[in-house]
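What follows is one structure encoded as structure tokens, with my remarks underneath.
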Amino acid sequence: MRKKELFWLIGTLGLVLLALLWIFGIDGLTLDAVTDINVYDTYFVVAKIHLIALITTLMFFGVYLIRMLGRNFKNLTVNLIFMVSDITLIVVFTFLISLVNAVREVPSASEYASLSGGMVENAGNGWNNAYYILGAIQLILILLLTVSGIKTGLNYKRNE
């Protein structure tokens, strides 16, 4: 890794740290800090370390996506850091999709199927939209990973 890449990596880490301090404060960066998310009558208690990992991944993804596209996939180190952040973001979105899927299947009102075997639909449930949007974002992330992997492989073979 060249000095320029090391400076970009340290700069991105510094930017992430400043953003986390601004969002959570110094007390929010402890390992036992939690946050509550209220969905209907249920509270999801999430450790802030998970939110820190999400914010860190999103910032690395954004910075290195811009750098990778700006350099036209020519810098191997930038491409590899982007692909690692993209894979991490795909894993995070897989968790979010499963969480939204669990919430969207809870009907907001009691509806009973008829005795003739009718089906109950969750029509009007706003979580359905979130489920499909997260799925589309994850598909875009997978496509970005595929394109960057192919372009990196082609450029790496040319350099050898």
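Where a number appears in this text, it was derived from the coordinates with a stated rule and is not lab data. Keep in mind the model is a prediction, meaning the values are calculated, not measured. As a convention, Cβ positions derive from the backbone with ideal geometry for all residues, glycine included, and neighbour counts pool all protein chains shown.
Would you mind calculating the gained length between D41 and S98 on full extension (0.36 nm times residue separation, minus the Cα-Cα distance), in nm to one decimal?
18.6 nm
At a threshold of 8 angstrom on Cα-Cα distance, excluding pairs fewer than six apart, so keeping six or more, what relative contact order does segment 1-88 reach in percent?
23 percent
How do the peptides 8-14, 76-82, 28-34 rank, highest first, by the average count of neighbouring beta carbon atoms within 10 Å per residue?
Listed from highest to lowest mean packing, they are 76-82, 8-14, 28-34.
Can you bin segment 16-109 into rounded, prolate or oblate? Criterion: square roots of the alpha carbon gyration tensor eigenvalues sorted a ≥ b ≥ c, rounded for a/c under 1.5, prolate for a/b above b/c, oblate for the rest.
In terms of gyration-tensor shape, oblate.
Between L18 and K3, 0.36 nm times their residue separation minus their Cα-Cα distance comes to what?
Full extension of this stretch gives 3.2 nm more.
Work out, step by step, the length gained on full extension between K74 and A33: first 0.36 nm times the residue separation, then minus their alpha carbon distance; give nm to one decimal.
Contour length minus the Cα-Cα distance gives 10.7 nm.
Which entries of K4/K157; K4/K74; K3/K74 have Cα-Cα distances beyond 19 Å here?
Beyond 19 Å: K4/K157.
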